[in-house]
């Protein structure tokens with residue numbers, strides 16, 4: 001239906017009110033950059049897109065290029081002379097019957113609003129149609145829509161005299177023009193007397209002045225609110241996050257504290273899951289049925305299957321967690337890990353580029369990096385894989401049913417064969433054959449009745465240190481004492 005529509009997204013501004021030095025359009029709302037909300041929506045609707053870029057153009061073009069599958073046309077506005085000038089820069093690229101013009105900072109716009117705008121425009125045979133909303137907050141610097149008799153005009157907020165509260169109908173910055181109308185009147189735009197900028201809104205005013213059909217549709221303010229400040233970014237993200245969490249709730253997901261849980265747009269959660277307070281589910285994370293993610297855990301770009309328990313304060317990134325696994329508390333799986341069925345990763349255990357086989361467990365205080373661990377393996381507390389030799393990384397292989405004792409250091413490259421044991425406190429540097437017990441530690445030496453001698457030495461040292469401390473103190477005090485004057 002919208003094959004006859006071409007979208008022009010205005011994305012060339014400086015984002016001065018953000019005060020961050022970067023473009024507001026590259027900031028994220030629930031994990032997705034603001035500019036992508038429109039480009040991906042229009043791609044889904046089959047609408048060709050042209051983006052006007054200027055400031056931060058390389059970053060914006062890179063984001064869109066990575067996200068959108070359909071080709072996007074970019075037009076550079078080398079001098080920022082207002083929205084009307086930005087639209088005029090795209091004139092040579094107009095090739096559809098209707099031109100949809102949108103400010104790039106409206107991330108919450110929906111397909112329904114665009115469709116309604118198009119259908120109303122066609123049914124009323126309008127030259128121009130645009131979206132309005134109801135907003136009584138005078139702090140919001142939106143253009144105000146003024147309807148008098150048979151005319152309709154958009155007046156910039158800074159140009160309105162009197163109270164803005166009297167003008168509760170705002171311009172959302174989303175317009176649909178007939179291409180013929182734009183071709184005829186775009187060159188008639190004149191610069192504003194004060195700002196010397198050209199405004200798209202003047203095209204609406206011009207159409208009304210020439211008695212051409214100008215139409216409006218009303219949309220909820222929260223769907224068309226722009227993002228010009230960090231406060232407005234926070235508001236938009238709160239709205240989007242609430243929408244996402246409500247949708248998950250309707251599909252059978254329980255959030256223990258939805259008001260302080262973060263969920264990104266690409267996250268999927270199956271029914272029966274429980275999400276604790278302070279949890280952050282980000283990126284393209286997917287969570288299977290009846291999984292529990294306890295308080296303050298962070299899951300990013302991770303696949304979690306069914307019946308998994310992620311205990312509190314865990315961080316899991318770029319990993320795959322199979323069914324019936326338990327992780328945490330305070331575990332860190334930081335990249336490219338696979339934890340297979342019924343395995344367990346315990347407290348203060350870190351995994352990096354490691355596969356932990358089915359029914360294997362690393363329960364306490366371990367670092368396992370660049371390791372391939374088979375099934376039914378026990379990793380003793382305090383064990384680490386020393387995977388880096390100062391120049392490059394090396395692999396550790398631990399095969400099925402092996403038992404690694406507590407406080408082991410496995411110096412890679414090294415292999416521990418199946419059904420073998422390593423003794424506690426060992427530093428393993430060589431192959432451990434299958435069914436062997438490896439002991440790699442220094443022999444213990446006991447010095448009988450040595451404690452009394454040791455205590456005597458310690459007491460002597462302690463007494464000597466106290467004497468030195470007292471001497472230093474008295475010397476410092478004497479330095480600041482006033483000199484005594486002898487009486488005559």
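Can you find even one residue in the stretch 143-164 that is buried (at least 21 other Cβ atoms within 10 Å of the Cβ), under 30 Å from the mean Cα position of the chain (by Cα), under 26 Å from residue 29 (Cβ atoms) and at pLDDT below 95? The answer is no, given that none of the residues of the stretch 143-164 is buried (at least 21 other Cβ atoms within 10 Å of the Cβ), under 30 Å from the mean Cα position of the chain (by Cα), under 26 Å from residue 29 (Cβ atoms) and at pLDDT below 95.
Pairing residues of the stretch 425-439 that are outside the structural domain of residue 398 (by TED's automatic domain parsing) and part of a strand (DSSP E or B) with residues that are at pLDDT 95 or above and surrounded by fewer than 14 Cβ atoms within 10 Å (Cβ to Cβ), at Cβ distances under 8 Å and at least 6 apart in sequence or on separate chains, gives no pairs at all. Exactly one residue out of 291, 216 is over 21 Å from residue 105 (Cα atoms) and in contact with a strand residue (DSSP E or B) (Cβ under 7 Å, 6 or more places away or on another chain), and it is 291.
Given the structure, is residue 420 under 22 Å from residue 325 (Cα atoms) and buried (at least 17 other Cβ atoms within 10 Å of the Cβ)? Criteria not met by residue 420. Inspect the stretch 220-238 for any residue being in the same structural domain as residue 133 (by TED's automatic domain parsing) and over 33 Å from the mean Cα position of the chain (by Cα) and give the result as yes or no. No, the conditions are met nowhere in the stretch 220-238.
Quick grid of which residues meet (1) modelled with pLDDT of 95 or more; (2) farther than 29 Å from residue 239 by Cα; (3) buried (at least 16 other Cβ atoms within 10 Å of the Cβ):
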{"position": "19", "(1), (2), (3)": "no, no, no"}
{"position": "34", "(1), (2), (3)": "yes, no, yes"}
{"position": "55", "(1), (2), (3)": "no, no, yes"}
{"position": "71", "(1), (2), (3)": "no, yes, no"}
{"position": "75", "(1), (2), (3)": "yes, yes, yes"}
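Rundown of residues vs (1) under 25 Å from residue 34 (Cβ atoms); (2) at pLDDT below 95; (3) in the same structural domain as residue 27 (by TED's automatic domain parsing), yes/no style:
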site: 101; (1), (2), (3): yes, no, yes
site: 119; (1), (2), (3): no, no, yes
site: 128; (1), (2), (3): no, no, yes
site: 131; (1), (2), (3): yes, no, yes
site: 137; (1), (2), (3): yes, yes, yes
site: 141; (1), (2), (3): yes, yes, yes
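So is residue 259 surrounded by fewer than 21 Cβ atoms within 10 Å (Cβ to Cβ), outside any loop (DSSP other than H, G, I, E, B) and out of contact with any strand residue (DSSP E or B) (no Cβ under 6 Å at 6 or more places or on another chain) or not? Here the answer is yes, as residue 259 does meet what is asked. Does residue 373 meet the test of being out of contact with any helix residue (DSSP H, G or I) (no Cβ under 7 Å at 6 or more places or on another chain) and either at pLDDT 95 or above or closer than 21 Å to residue 309 by Cα (or both)? Taking the combined requirement at face value, the residue satisfies it. Spot the failing condition for residue 396; the list is (1) under 38 Å from the mean Cα position of the chain (by Cα); (2) over 21 Å from residue 338 (Cβ atoms), and only one is missed. That leaves (2) as the condition not met. Scanning the stretch 51-110 for residues that are touching a helix residue (DSSP H, G or I) at 6+ places or on another chain (Cβ under 8 Å) and over 29 Å from residue 230 (Cβ atoms) yields 69, 70, 73, 88, 91, 94, 96, 97, 98, 99. Of the strands (runs of 3 or more DSSP E) lying entirely inside the stretch 5-93, not one is found with 3 or more residues being more than 25 Å from residue 197 (Cβ to Cβ).
Could you check the stretch 110-149 and list, in sequence order, the residues that are part of a loop (DSSP other than H, G, I, E, B), without any contact (Cβ under 8 Å) to a residue 60 or more places away in the chain and under 25 Å from residue 179 (Cα atoms)? Scanning the stretch 110-149 gives a single hit, 143. Selection within the stretch 221-254: residues that are closer than 21 Å to residue 278 by Cα and in contact with a helix residue (DSSP H, G or I) (Cβ under 6 Å, 6 or more places away or on another chain). The member of this set that is surrounded by the fewest Cβ atoms within 10 Å (Cβ to Cβ) is 239. Those strands (runs of 3 or more DSSP E) of the stretch 264-339 in which at least 1 residues are at pLDDT below 95, considering only elements entirely within it, cover 332-335. Is it fair to say residue 46 is farther than 21 Å from residue 20 by Cβ, at pLDDT below 95 and surrounded by 14 or more Cβ atoms within 10 Å (Cβ to Cβ)? So residue 46 fails the test.
Scanning the stretch 354-370 for residues that are surrounded by fewer than 24 Cβ atoms within 10 Å (Cβ to Cβ) and not in a loop (DSSP other than H, G, I, E, B) turns up 355, 361, 363, 364, 367, 369. None of 193, 183 is surrounded by fewer than 14 Cβ atoms within 10 Å (Cβ to Cβ) and assigned to a helix (DSSP H, G or I) except 183.
The values are calculated or read from the model by the stated rules, or taken from the named source; none is laboratory data. The structure presented is a predicted model; accordingly, all values stated were derived computationally and were not measured. Cβ sites come from the backbone with ideal geometry, for glycine too, and all protein chains shown count toward neighbours.
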